[in-house]
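Working notes for the structure below.
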Amino acid sequence: MPENKMPVPRATTASPYDSQPTPTNASVPITRFRDGNRFLSNFWFVPQGVSFDQMTGPTVEHVFQAAKTLDRHQRGAILNARTALEAKTLGQKVDLRPDWEFLKLGVMAALQGSKYSDPQLAALLIATDNAHLEEGNHWHDTFWGVCSCSAHDAVGENWLGRLLMIKRSLLLA
Ligand SMILES: Nc1nc(O)c(N)c(N[C@@H]2O[C@H](COP(=O)(O)O)[C@@H](O)[C@H]2O)n1
């Protein structure tokens, strides 16, 4: 049948708004940053480095912990820490800058921006699709993650997960 002779579809009384929404295939929530999702952790080694405020380190954790202080020597020691856990431990003993509580979310957001400027990491983050992200933990981190332990029953504000989900949206915008 010639294209211009296609039968005209018959009008129906059904409104398009009557139809049920197509169910979306919501991705499975990611509640542990381990195994294939380990790259989401701030402890993940970033080959090109992570930078903020003239500091560069091998993981988000190194630079985040160093940013807690204005002391150059303390910053240097943290940035040179052999592991992210060592950087975190050193970060708990620094002379904390007085404005840290006001700054920490912005610093973490900037560091996620630096980390996911790596195209391979950005692709991995985008591949999490629309999955809810949260760093479930047992180390009582109820600010950046969600803690489940004998003292906490899945308690946490999940700010790291929220920043990651925002970053994912920005990468797709
Ligand atoms: N102990 C530990 N192990 C991991 O594998 C982690 N990803 C973390 N989390 C990070 O610790 C930081 C919180 O530091 P402050 O308590 O604000 O000093 C933050 O980067 C978490 O993602 N911890």
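The values are calculated or read from the model by the stated rules, or taken from the named source; none is laboratory data. Because the structure is predicted, anything quoted here is derived from the model rather than measured. Heads up, the Cβs are rebuilt from the backbone with ideal geometry, glycines too, and the neighbour counts pull from every protein chain shown. Only protein heavy atoms, including side chains, enter the accessible area calculation; ligands, DNA and RNA are left aside. Shrake-Rupley method; radii C 1.70, N 1.55, O 1.52, S 1.80 Å.
Points worth noting:
- Filter result (within 14 Å of the ligand (Cβ to nearest atom), in contact (Cβ under 8 Å) with a residue 12 or more places away in the chain, assigned to a loop (DSSP other than H, G, I, E, B) and of a type outside the set (D, E, K, R)) within region 136-158: His140, Thr142, Phe143, Trp144, Gly145, Gly156, Asn158
- A search for C-beta distances below 6 Å between a residue of region 70-97 that is under 16 Å from Asp53 (Cβ atoms) and any residue that is in a loop (DSSP other than H, G, I, E, B) and of a type outside the set (A, V, I, L, M), counting only pairs 6+ apart in sequence or on different chains, returns Leu70/Arg97; Asp71/Asp95; Gly91/Lys68; Val94/Lys68; Leu96/Lys68.
- Residue within region 72-91 that is assigned to a loop (DSSP other than H, G, I, E, B) and either in contact with a strand residue (DSSP E or B) (Cβ under 6 Å, 6 or more places away or on another chain) or of a type in the set (Asp, Glu) (or both) present: no
- Search result, residues across region 76-95 that are near the ligand (Cβ under 10 Å from one of its atoms) and exposed (fewer than 15 other Cβ atoms within 10 Å of the Cβ): Leu85, Thr89, Gln92
- Across region 16-31, the qualifying residues are those that are among the aliphatic types (A, V, I, L, M) and more than 16 Å from the ligand (Cβ to nearest atom), and the one among them that is modelled with the highest pLDDT is Val28.
- Residue check for Leu105: surrounded by 16 or more Cβ atoms within 10 Å (Cβ to Cβ), of a type in the set (A, V, I, L, M) and within 11 Å of the ligand (Cβ to nearest atom): no
- Residues (open to solvent by 60 Å² or more (accessible area, probe 1.4 Å), among the polar types (S, T, N, Q) and either within 12 Å of the ligand (Cβ to nearest atom) or in a loop (DSSP other than H, G, I, E, B) (or both)) located in region 32-71: Gln48, Gln54
- Taking each residue of region 33-53 that is of a type in the set (Val, Ile, Thr) and looking for partners that are surrounded by 17 or more Cβ atoms within 10 Å (Cβ to Cβ) with beta-carbon atoms closer than 6 Å, six or more apart or interchain, yields Val46/Lys115; Val50/Gly57; Val50/Val60; Val50/Val63; Val50/Leu111; Val50/Ser114; Val50/Lys115.
- Tally, over region 113-135, of residues that are among the hydrophobic types (A, V, I, L, M, F, W, C) and within 14 Å of the ligand (Cβ to nearest atom): 1
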